Amino acid sequence: MIITHIGDGLLNLWILIPLWIGVFAYGAFCLVKIRRNMKDEQLPIASVLTAVVFAFQMLNFPIAAGTSGHFLGFVLLAILISPSAAFLMITAVLTIQAFIFLDGGVLALGANIFNMTMAVLPGYFLYWVIRKRMGKTTVDGKFQDKGLLIGAFVGSYMSLISASFICGIEIGLSTLFPPPMALTIPLMVGYHALIAIGEAMITTFVVAFFHKWAPEYIPDIREVPVWS
Amino acid sequence: MIILAAFLWMPMLSGPDGLERVLFNLTGNEEYEPENNVNYNGAPLPDYGFPIGENTYIQSWLVGLIGGIITAVFMFILFKIVKLQKLSKPAVSIANEAETESNL
């Protein structure tokens with residue numbers, strides 16, 4: 001059985017309800033941001049990118065010790081469109097996976113959305129800071145985007161670490177799952193430190209591909225605020 | 001879409017993934033079965049496969065394709081709905097202008 005997300009019955013209800021509230025609050029914020037900032041010409045590419053992320057999430061790549069990992073994609077979508085659009089896209093992917101493909105519980109959907117969007121945001125902020133700091137405007141007015149690929153690699157790597165850390169806390173807190181937090185956090189972060197290498201490589205490769213062949217799809221960092 | 005499909009020809013999985021592996025290590029169960037398990041008979045394509053028949057690479061490729069199309073269409077409609085009111089605003093202003101013109 002392919003379980004790639006948290007199923008029902010793994011987390012207590014008192015853990016799930018705050019996560020659901022957080023998801024709805026941040027979701028409302030994201031909808032406002034999307035309506036304000038997203039351009040109409042971005043809609044088709046955003047839809048196709050969502051399908052690509054869905055396909056990448058189905059694809060498990062092997063890592064050490066008989067474990068395999070799969071792609072998350074939030075940072076990739078956030079780089080190419082915006083973090084608030086990425087929230088909606090990952091939420092749609094997770095909802096489709098839960099209702100059509102039986103992957104992750106319906107009650108636990110709030111926890112999954114929280115882990116894969118809001119818990120991933122530190123990685124995106126890291127990308128934003130790196131790209132903002134490393135980009136330089138030369139004397140003749142050209143903008144050198146040096147931090148794009150480095151930021152994408154480091155940001156997507158750290159995004160998985162923060163997500164697995166928060167997931168470890170949730171599983172550790174849950175009384176339905178016996179092992180304590182001291183065991184779950186190191187294990188989750190340990191395995192995901194390896195998976196994150198694959199995540200970072202895919203993200204960097206796709207961003208590099210867009211940067212080389214379709215640079216108009218990558219928003220200019222000078223015009224992108226942190227909360228966009 | 002063709003590139004996407006070509007990727008899916010690769011073997012679908014080669015072991016338990018991160019979360020599954022952690023659950024396995026800590027409980028010793030291949031599949032962690034919680035006590036209040038819910039019966040999911042309603043899903044159209046449970047577990048990334050068709051409800052009947054064996055799962056082959058072609059089937060998982062097809063499921064991926066179907067899922068991808070569903071996701072893209074769903075997302076496009078969702079974005080359209082989110083931006084719906086913004087799109088209809090200019091029409092309202094044009095109507096107002098026409099009204100004021102006719103009043104003049």
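The values are calculated or read from the model by the stated rules, or taken from the named source; none is laboratory data. Keep in mind the model is a prediction, meaning the values are calculated, not measured. Backbone-built Cβ (ideal geometry, glycine too); neighbour counts: all protein chains shown. What goes into the accessible areas is simple: the full protein's heavy atoms, side chains included, and nothing from ligands, DNA or RNA. Shrake-Rupley method; radii C 1.70, N 1.55, O 1.52, S 1.80 Å.
Checking each residue in region A:10-23 for being open to solvent by 40 Å² or more (accessible area, probe 1.4 Å) and either under 17 Å from the mean Cα position of the chain (by Cα) or within 11 Å of another protein chain (Cβ to nearest Cβ) (or both) picks out only A:L13. Within region A:33-55, the set of residues being of a type outside the set (K, R), touching a residue at least 40 places away in the same chain (Cβ under 8 Å) and in contact with a helix residue (DSSP H, G or I) (Cβ under 7 Å, 6 or more places away or on another chain) comprises A:I34, A:M38, A:I45, A:A46, A:L49, A:T50, A:V53, A:F54. A:E199 meets each of the listed conditions (1) within 20 Å of the chain's Cα centre (by Cα); (2) over 23 Å from A:I113 (Cα atoms); (3) of a type in the set (D, E, K, R) apart from (2).
Restricting to region A:202-228, name every residue that is in contact (Cβ under 8 Å) with a residue 12 or more places away in the chain and either of a type in the set (A, V, I, L, M, F, W, C) or within 11 Å of chain B (Cβ to nearest Cβ) (or both). Scanning region A:202-228 gives A:I202, A:V206, A:V207, A:A208, A:F210, A:I218, A:I221, A:V224, A:V226, A:W227.
To keep it simple, each residue is scored yes or no on (1) more than 8 Å from every other protein chain (Cβ to nearest Cβ); (2) in a helix (DSSP H, G or I); (3) at pLDDT 80 or above.
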position: A:F29; (1), (2), (3): yes, yes, yes
position: A:P44; (1), (2), (3): no, yes, yes
position: A:A51; (1), (2), (3): no, yes, yes
position: A:A64; (1), (2), (3): yes, no, no
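Filtering region A:157-184 to residues that are in a helix (DSSP H, G or I), over 18 Å from A:A200 (Cβ atoms) and open to solvent by 30 Å² or more (accessible area, probe 1.4 Å) leaves A:I166, A:I169, A:L173, A:M181, A:A182, A:L183. So which residues in region A:188-228 are in contact with a Leu (Cβ under 7 Å, 6 or more places away or on another chain), of a type in the set (A, V, I, L, M) and surrounded by 15 or more Cβ atoms within 10 Å (Cβ to Cβ)? A:I195, A:A196, A:V206, A:V207, A:I218, listed by residue number. Elements of the type helices (runs of 4 or more DSSP H) sitting completely within region A:74-156 and holding at least 3 residues that are closer than 23 Å to B:G68 by Cβ: these cover A:74-80, A:83-100, A:109-113.
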